[in-house]
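A quick write-up on the structure given underneath.
Values in this text are rule-based calculations from the coordinates and carry no lab data. Remember, predicted model here, so these are calculated numbers, not experimental data. Because the Cβ atoms are built from the backbone with ideal geometry, glycine has one as well, and the counts that use them run over all protein chains shown.
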């Protein structure tokens, strides 16, 4: 990816609680012919099954969901604060109705695996799916979560992914 340098995921010093929960990220999936992105503020990064992993959650009604389901890989892109408006735009507009990436002032680049990523990001994680499951009401111990976040029963799909590559903006 032009303009990016590959680094070892272990070398990332960012606080992912802040990066995801406060700064947000874009989840991007698809291929060179068709792709989409969405803003996310839920997820995680850690170590599981002897891999550096990322976890993303996507509701099935989101347009990006069909891309994450049909592809083996996706990217998680993180930005400096100057892109807050672009992330807000991508979180409030549907790629099924418009080219929201372009309309948000962003552009797409592709990894060596042809996975789409957002060119303006300062950090990109290229991830390969390891595990996918849909959250189920019966498994929630704290019932308030179900009442607060899923009143329509539209439970997220959870993706646990191996972080195959990490890129920082040069």
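Points worth noting:
- Simple spin-label estimate for residue 18 and residue 149 in nanometres, 7 Å along Cα-Cβ: 2.3 nm
- Sum of -39500 (n - 2.57) over DSSP H runs of 4+, divided by residues of the chain (222 nm, nearest 500): -4000 deg cm²/dmol
- The chain: relative contact order in percent, alpha carbon pairs under 8 Å with at least 6 residues between: 30 percent
- Span from the the stretch 70-108 Cα centroid across to the the stretch 145-170 one, whole angstrom: 16 Å
- Considering all C-alpha pairs of the stretch 76-165, those separated by over 16 Å amount to 67%.
- Rg and Dmax, both from the Cα atoms of the chain and both in Å, are 15.4, 47.
- Principal axis analysis of the Cα atoms in the stretch 11-57 yields extents of 33, 27, 20 Å, listed in decreasing size.
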